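The block underneath contains the structure these notes are about, expressed in structure tokens.
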């Protein structure tokens, strides 16, 4: 073996395995246990090597079982980018110029669902948890899962909380502003973009059409659920005292009075809304 090849093999043994990303950076995934001191040494050598190559961002994905390697990485200038249940992602910017590492997700997506039967009764629930909304009749709400469309999230949340099968009709409204105060109590502030743990929240209100009617509550989170006359729901203090809730409820009633919720015309609206969602998703992606 030539001396150059031997030198290359020795060098590679001192480096961490990495793959290149599309932005002239590298991604390191450590899956096997490693002594923290050895990891520190390899990381330091690797960063120096990548600097010579003109690389920019360095990402290190560490599974939760290798949490002992976090400290050596932080000592080399890495910082937390985001975490998931099974791993933590750290990142480092090599150039001296301002870094262009994208921020972690800036928003979370939540939904609320208006579901009404042919008797002009809306599906409402009382939650067991949460200081502010506990004991109040409200429409089903929840948070979209990772990679889940808004329409699918609304259908799923209604099914989970009430056992009612539904189909998506359209988006009635969406808005920023569902926030938590310093005590993590749920409040409403239409001007705020700081929701749970400092993340902004986009709240979509969807109209769904029921396909079943027998309620089976999710006992872990839901205290009660019922079909409530629309007019009775509108007069609730919670609705009347909340500007956003009052506004969307009035919009919903207008649609009901115009018979726009249970007619075939809704199918056209459904297709329009789905196209709108695709456009919105593309817009959000372009802003990241």
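Quick notes on this one:
- Cβ crowding within 10 Å, taken as a proxy for footprinting-reagent exposure, orders 245, 89 from fewest neighbours to most as 89, 245.
- By other beta-carbon atoms within 10 Å, ranking 149, 17 with the fewest at the front produces 17, 149.
- Computed over the alpha-carbon atoms, region 40-156 gives an Rg to Rh ratio of 1.23, Rh here being the Kirkwood radius from the mean inverse distance.
- Hydrodynamic estimate: the Kirkwood radius of region 38-81 over Cα pairs, inserted into Stokes-Einstein at 25 °C and 0.890 mPa s, corresponds to D of 221 µm²/s.
- From the largest down, region 15-93 spans 31, 25, 20 angstrom on the principal axes of its Cα atoms.
- Length released on extending from residue 35 to residue 19, taking residue separation times 0.36 nm less the Cα-Cα span: 3.6 nm
- The value for region 99-153 of Rg(Cα) / (2.2 N^0.38 Å) is 1.59.
- Residues residue 143 and residue 70, FRET efficiency given R0 of 25 Å [Cβ-Cβ distance, rounded to 0.05]: 0.35
Rule-based calculations on the coordinates, nothing more; no lab input. Since the model is a prediction, treat every value here as computed from it, not as a measurement. All Cβ positions, even for glycine, are placed from backbone atoms using ideal geometry, and neighbour counts span all protein chains on display.
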